[in-house]
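What follows is a set of notes on a single structure, which appears directly below.
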Amino acid sequence: MIDYAFLQSLDFTVAWTYLPVLLGGLLINILLTAIGFLGGGVFVGTFLAIANLSPHRIIRWPALGFVEFWRSTPLLVQAIWVHFSVPGLTGLSTTPFQSASIALIFNVAAYCSEIIRGGILGVGKGQFEAAKALGMRAYPTWRTVIIPQAIRLMLPPLIGTIISIFKATAILSVLAIDDLLRTSSRLSNYTFQPVEIYTTAAVLAFAVGAAISLAGYFAESALKGASHGR
């Protein structure tokens, strides 16, 4: 049975009052997501994928070990370890946001490297051989033949990964980062209206996730249209 009296007692004006504060926390999550995906998924992940495809064991094995370590341990543990252990080992202190960014970059790089590697392998050796038969050099082959086809294969799982990164950033509030979750918790304790605050936080998070999915849909459609137009 639904308790309609409870529903009528909810007052979402408190959420509207503190909406700017919640949006500020949400912005931190979005920023961490961008840092994790661009720095880890695109930049570091691409280098790891190429290293894992190398025929040389001295290059492939360290990259494989890095990927397996960061994929097999929880992000929460990684963030805490980076924040408290790295300063002790190196003497370099980091802010909570910096520690969270480092842990997120390495964690995301490990996952995205496998997506990128799978996308490259999915193109097939025949494409390389065809480009070589046409006299194309390595760089034009990768730029015009391999990468465009690999991106179409990588895009759907990468979009899902971006959404996962966004949700995972909530874990990093353990480092006292004023993200959406920590901000919601503080507002909930201050206003004594947790349902209204956390419901609003959930709606904001859903809006971002839906926007990422929609952007991915348009990107996939654009790539399909470009491939059909050739």
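The values are calculated or read from the model by the stated rules, or taken from the named source; none is laboratory data. None of these values were measured; they are calculated from a predicted model. FYI the Cβ positions are ideal-geometry reconstructions off the backbone, even for glycines, and counts take in every protein chain you see.
Here are a few things to note about the model shown:
- Pairs are defined by a Cβ separation below 9 Å, a sequence spacing of at least 6 or placement on different chains, a first member in the stretch 1-23 that is modelled with pLDDT under 85, and a second member that is β-branched (Val, Ile, Thr); the pairs so defined are PHE6/VAL195.
- Some residue of the stretch 84-91 being out of contact with any His (no Cβ under 8 Å at 6 or more places or on another chain), under 21 Å from GLY216 (Cα atoms) and of a type outside the set (Gly, Ala, Ser): no
- Unmet requirement for SER54, which otherwise passes all of (1) over 17 Å from the mean Cα position of the chain (by Cα); (2) not in a loop (DSSP other than H, G, I, E, B): (2)
- Checklist (1) over 19 Å from VAL21 (Cα atoms); (2) in a helix (DSSP H, G or I) applied to SER188, failing item: (1)
- Exactly one residue out of ARG71, ARG57 is over 13 Å from ALA109 (Cα atoms) and not β-branched (Val, Ile, Thr), and it is ARG57.
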